[in-house]
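Notes follow once the structure below has been shown.
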Amino acid sequence: MAGSAQHFISILMDALPNISSEKIISKGEYLLREGQVERNLYFIENGAVRLFHLHEFEELTVRFGYEGSFINSLSSFIKSSPSEFYIEAIRKTSVKTISKESLYQLINENFENQQSYSAFLEVVITQQIEREIDLLTTSPSARLNRVLERSPNLFQQIPLKYIASYLRMTPETVSRIRNS
């Protein structure tokens, strides 16, 4: 298991009480706004957030974070550049906030942690590629099915209007496909 993405998550979860601070955010509050530099990794204890981009008055949902998941604006975090994304609570949410410095200290404690972090990043990159494939898939029902294969409990965690935004569909189209 050493060097695996799951191993890194286990290392991170064990260290969480010592390297994080807890924050509760209300529905509609932001963990991050476009233009800010992402300096944290967030673990969602309960609740849900969405990562979205504002494009010509349209909010384009890119990713979700819900109970038991990690989220941040990854490119901003890695490059220390302004984020192109917002992270907004879509219901009351409790997060553990891990600073970049604390995360990197943990990663650099030993070679095993470095290997595991590398494997973790590979999983994140693969998820991003799968997301790109979702967007290139022209059939709305195929898009929905691909997402539900990866996240079968998505509709229990996230309101329909945000799932529809993520899939680049109207809520009515998502409902119609689900009910057919």
Lys/Arg +1, Asp/Glu -1 at C-beta; the chain dipole; positive extreme among ASN46, PHE120, MET13: ASN46
Name the residues whose placed amide hydrogens come within less than 5 Å of the amide hydrogen of SER69, ignoring near sequence neighbours (fewer than 5 apart) on the same chain. ILE44
Just the number please: accessible area per residue for the chain, 1.4 Å probe, all protein chains included, in Å². 54 Å²
Relative contact order of the chain, pairs being alpha-carbon contacts under 8 Å that are 6 or more residues apart, as %: 28 percent
Return the carbon/sulfur percentage of the accessible area of the chain, one whole number, probe 1.4 Å, all protein chains in place. 50 percent
Using +1 on the beta carbon of Lys and Arg, -1 on that of Asp and Glu, and nothing else charged, what's the dipole of the chain about the Cα centre, debye to 20? 520 debye
Please work out the C-alpha center-to-center distance from region 127-146 to region 1-76 and express it in whole Å. 22 Å
Here region 62-79 yields Karplus 3J(HN,Hα) values (6.51, -1.76, 1.60; θ = phi - 60°; whole Hz; Gly and Pro given as x) of 10, 7, 10, x, 9, 2, x, 10, 10, 7, 6, 8, 4, 5, 5, 4, 6, 8
For GLU29, other-chain or 5+-apart residues with amide H closer than 5 Å (H placed, Pro excluded) are ALA89
How would region 138-180 be classified by its alpha-carbon gyration tensor: rounded, prolate or oblate, with rounded meaning a/c under 1.5 and the a/b versus b/c comparison settling the rest? rounded
With an 8 Å Cα cut-off and a minimum separation of 6 or more residues, compute the relative contact order for region 9-116 in percent. 39 percent
Please sort by residue number the GluC sites (Glu not before Pro) in region 71-159 whose DSSP state is loop and whose Cβ has at most 13 other Cβ atoms within 10 Å. GLU109
Region 1-84: Kirkwood hydrodynamic radius (Cα pairs, Å) comes out at 14.2 Å
Any idea what the dipole of region 1-97 comes to, in debye rounded to 20, about its Cα centre with Lys/Arg Cβ at +1 and Asp/Glu Cβ at -1? 200 debye
Label-to-label distance, nm, for residues given as ILE133 and LYS100 (7 Å Cα→Cβ offset): 3.1 nm
Convert each backbone phi in region 28-39 into a coupling constant with the Karplus relation 6.51 cos²θ - 1.76 cosθ + 1.60 (shift: θ = phi - 60°), then list the ³J(HN,Hα) values in order as whole Hz, x for Gly and Pro. x, 7, 10, 7, 8, 10, 3, x, 7, 8, 6, 10
What helices does the chain hold that run 24 Å or longer along their axis, going by alpha-carbon atoms, with a Kyte-Doolittle average of -1.0 or more, using DSSP H for the helix calls? 111-136
Could you work out, for region 18-176, what percent of all Cα-Cα pairs fall into each 5 Å distance bin, beginning at 0 Å and stopping at the bin that holds the largest distance? 2, 9, 16, 21, 21, 16, 10, 4, 2, 0, 0
Residues of region 69-86 with backbone nitrogen within less than 14 Å of a virtual label 7 Å along the Cα-to-Cβ line of GLU34, please, listed as ranges. 82-86
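The values are calculated or read from the model by the stated rules, or taken from the named source; none is laboratory data. As the structure is a computational prediction, the values presented were derived from the model and not from experiment. Note that each Cβ is placed from the backbone with ideal geometry, even for glycine, and that neighbours are counted across all protein chains shown. Remember, those area values only see protein heavy atoms, side chains included, never the ligands or the DNA or RNA. Shrake-Rupley method; radii C 1.70, N 1.55, O 1.52, S 1.80 Å.
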